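Have a look at the structure below before the remarks.
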Amino acid sequence: QVQLVESGGGLVQSGGSLRLSCTASTSTFWLNAFGWYRQAPGNQRELVARISSTSTTNYADSVKGRFTISRDIAKKTVYLQMNSLKPEDTAVYYCQTTQSGIDYWGQGTQVTVAS
């Protein structure tokens with residue numbers, strides 16, 4: 001069983017920044033890949049950024065150059081630094097990992113970007 005707890009969402013003006021955090025309760029944190037997903041009302045959940053167990057990162061085209069995913073193994077925490085935020089980034093953001101073939105999700109954190 002893995003628990004993922006997200007924090008750091010909120011309301012920000014267009015062009016502003018936020019940093020999301022996801023703390024994982026797993027003893028094998030360094031072996032896990034993690035993803036940040038988002039879901040806006042009426043839309044499907046989409047992958048925003050991913051970091052592998054070897055710290056290789058991937059980003060959706062819509063956030064490349066603006067968002068950065070990183071991890072702190074000692075703190076068992078994955079971060080999503082979001083800069084130059086746009087109103088279209090408004091969504092609930094979820095942290096995700098897979099362990100022993102099971103997908104785990106956090107509860108989500110709301111990000112609202114005002115124009």
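Residues of segment 23-32 that are outside any helix (DSSP H, G or I) and open to solvent by less than 30 Å² (accessible area, probe 1.4 Å): Ala24, Thr26, Asn32.
Annotation note: Cβ proximity below 8 Å between a residue of segment 12-26 that is within 11 Å of Thr109 (Cβ to Cβ) and a residue that is of a type in the set (Asp, Glu) and in a strand (DSSP E or B) (sequence gap 6+ or interchain) occurs for Leu20/Glu6; Ser21/Glu6; Cys22/Glu6.
Restricting the first member to segment 89-110 and to residues that are more than 11 Å from Arg38 (Cβ to Cβ) and open to solvent by 70 Å² or more (accessible area, probe 1.4 Å), and the second to residues that are of a type in the set (Phe, Trp, Tyr) and in a strand (DSSP E or B), the beta-carbon pairs closer than 6 Å and six or more apart or on different chains are Trp105/Tyr94. Residues that are under 11 Å from the mean Cα position of the chain (by Cα) and in a strand (DSSP E or B) within segment 6-22 comprise Glu6, Ser7, Arg19, Leu20, Ser21, Cys22, listed in sequence order. Screening Leu85 with (1) of a type outside the set (Ser, Thr, Tyr); (2) surrounded by fewer than 20 Cβ atoms within 10 Å (Cβ to Cβ); (3) assigned to a loop (DSSP other than H, G, I, E, B) gives one miss only, at (2). So, Asp103, is that one charged (D, E, K, R), out of contact with any Asp or Glu (no Cβ under 7 Å at 6 or more places or on another chain), more than 16 Å from Ser17 (Cα to Cα) and not in a strand (DSSP E or B) or not? No, not satisfied. The single residue among Arg19, Arg71, Arg45 that is open to solvent by 70 Å² or more (accessible area, probe 1.4 Å), out of contact with any His (no Cβ under 7 Å at 6 or more places or on another chain), modelled with pLDDT of 95 or more and under 23 Å from Gln1 (Cβ atoms) turns out to be Arg45.
The values are calculated or read from the model by the stated rules, or taken from the named source; none is laboratory data. None of these values were measured; they are calculated from a predicted model. Cβ coordinates were reconstructed from backbone atoms using ideal geometry, including for glycine residues, and neighbour counts include every protein chain displayed. SASA here: full protein model, heavy atoms, side chains in, ligands and nucleic acids out. Shrake-Rupley method; radii C 1.70, N 1.55, O 1.52, S 1.80 Å.
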